[in-house]
Amino acid sequence: MNWLYNTGIRLYSAAAALASVRSRKIKTMLAGQQTTLNRLLPELRQLDRPLWVHAASLGEFEQGRTLIERLRREYPDRRIVLSFFSPSGYEVRKNYDKVDKVLYLPFDTPANARLLVEAMNPSAAIFVKYEFWGNYIEQLHARHIPVYLISAIFRKGQIFFRPWGGFMRHILTLYTRIYVQDENSARLLASIGIENVTVAGDTRFDRVTEIMKTTAHINGIDRFNGGKGADIIVGSSWEADEEKYIPWLNANPGVTFIIAPHEFNDKRLALLRKSIAGNVVYLSEWEKMHADGTTPADDSAIRGIIVDCFGKLSTLYRYARMAYIGGGFGAGIHNINEAAVYGIPVIFGPNHKKFKEAADLIALGGGFSCHNAAEVTATLNRLHTTPDALHTAGTAAGDYIKRNLGATDIIYADIIG
């Protein structure tokens, strides 16, 4: 691999080691990488040429999950290895039972790439969306192992399309095939001579539709607000989002809600609960109240639920009339399709430029981008007080998901079929 790329990876690794002194998350990641290199390599050698699926984090995992689970259904004896780079993916899915092994991907140095690929010797490798690990891909290519990139999306400003991006363009030539979300990505790749491309769409549409059809059980949630559900659900909420929507909740005490923080501990949950007026309970408390199937007499006094566990947000969207999706006032919005699939409008902050679905939903009237607290308040007021506007926006969001199904079928037929 290009010496500049390798130097960058080594500097990245060194910076992570320094940051781990203060960051538990990074310390966990580095420990997990060492486990892969020190303990798991012999176990990987025992697998019979598994399919390797790599996802950076939890969001990318959800994009690859439809392929994994379809393969497991149709070929139950096929071995599958799933790798993550981020703890926010690995720690949530380390016990995922549809694969044979879950591991951290070590930093992409030439030595690490050689060790892992040699030990695993996969039949094929699938990287999800933004994963361009040059040394791993070179090792796979050198061993004539097919390597695919799925649900990818490209934008004009990326390094591949810059005069100095030659070494990154080289990585793209090593993929057996690149499955992109849209025609614009295909045109951009063609402009730099990358022709091993199929426009397949985004597997997230298939995944959120699967979730909608097979929801998890949550004690008594269908009886929240007298069975009418929440006026609003907030998914993957950050403090920067809470500064925008909590004043609206406090100014409208009759509004019912469900809030799922993106990351939390006991202190964060307590502060969030304290910041909102009215009777607010944690989801664990709500489920305990309804564990025996009865409806407590004081149910009607509860206006809000704060989610204090992981893995239930995608089900909870079903029980709301509109959704605010967090992250848009920070690094970027979280999964808006998880809410839109239920035919409800989605509201989010301004940092959504990397997400095609956000631009599409805004254009169709099913999504609303807000730049500040005043715009959040105005949008929430309009949707909450105007049933026709709420219905029209929700229908636009739901129809958008339905029109974009099928990426999994295309990719699966090519790679597996």
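Every number in this text was worked out from the coordinates using simple rules, so none of it is lab data. Just so you know, these numbers come straight off a predicted model, no measurement behind them. With ideal geometry, Cβ positions are generated from the backbone for all residues, glycine too; neighbour counts draw on all protein chains shown.
About the Cα centre of the chain, what is the dipole size in debye to 20, counting +1 per Lys and Arg Cβ and -1 per Asp and Glu Cβ, all else neutral?
Numbers: 48 positive and 42 negative charges, 185 e Å.
With Lys and Arg at +1 and Asp and Glu at -1, about 880 debye.
Tell me whether the stretch 215-403 comes out rounded, prolate or oblate; compute the Cα gyration tensor, take square roots of the eigenvalues as a ≥ b ≥ c, and use a/c under 1.5 as the rounded threshold.
prolate
Among residues other than R207 whose Cβ falls under 10 Å from its Cβ, what is the net charge (Lys/Arg +1, Asp/Glu -1)?
Every neighbour counted, the sum reads -4.
With labels modelled as points extended 7 Å from the Cα through the Cβ direction, what inter-label distance (nm, one decimal) is found for A31 paired with R382?
4.9 nm
Within 10 Å, count the other beta carbons around each residue, average over each peptide in 323-329, 253-259, 83-89, 189-195, and list them highest first. Kindly include the intermediate steps, with their values, before the conclusion.
Details: 323-329: 25.7, 253-259: 19.4, 83-89: 22.3, 189-195: 13.1.
Result, highest mean first: 323-329, 83-89, 253-259, 189-195.
Hey, can you rank 205-217, 158-170 by average C-beta count inside 10 Å, highest first?
My ranking of the peptides, most packed first, is 205-217, 158-170.
Averaging sequence separations of C-alpha pairs under 8 Å and six or more residues apart, then dividing by the length of the stretch 215-403, give the relative contact order as a whole percent.
That works out to 23 percent.
Counting only other residues whose beta carbon sits under 13 Å from that of L272, what net charge do I get with K and R as +1, D and E as -1? The partial results should precede the final answer.
On the way: positive: K267, R268, R273, K274; negative: E239, D241, E242, E243, E263, D266, D308.
Once all neighbours under 13 Å are counted, the net charge is -3.
Under the definition of Cα pairs under 8 Å and six or more residues apart, what whole-number percent is the relative contact order of the chain?
It comes to 12 percent, rounded to a whole number.
Counting DSSP beta bridges in the stretch 215-403, what percent are antiparallel, to the nearest 5?
In the stretch 215-403, approximately 0 percent of DSSP beta bridges are antiparallel ones.
Dipole of the stretch 215-403 (Lys/Arg Cβ +1, Asp/Glu Cβ -1, origin at the Cα centre): which of I344, I221, L364 lies farthest to the positive side?
L364
Using alpha carbons only, how many angstrom separate the centre of the stretch 373-393 from the centre of the stretch 157-212?
First find each Cα centre; the distance between them is then 36 Å.
Given the C-alpha centroids of the stretch 401-417 and the stretch 118-136, what is the distance between them in whole angstrom?
20 Å
Find the centroid of the Cα atoms in the stretch 76-96 and in the stretch 4-49, then give the distance between the two in whole Å.
Here the answer is 15 Å between Cα centres.
Which whole-number percentage describes the relative contact order of the stretch 1-144, with Cα contacts under 8 Å and a sequence gap of 6 or more?
31 percent
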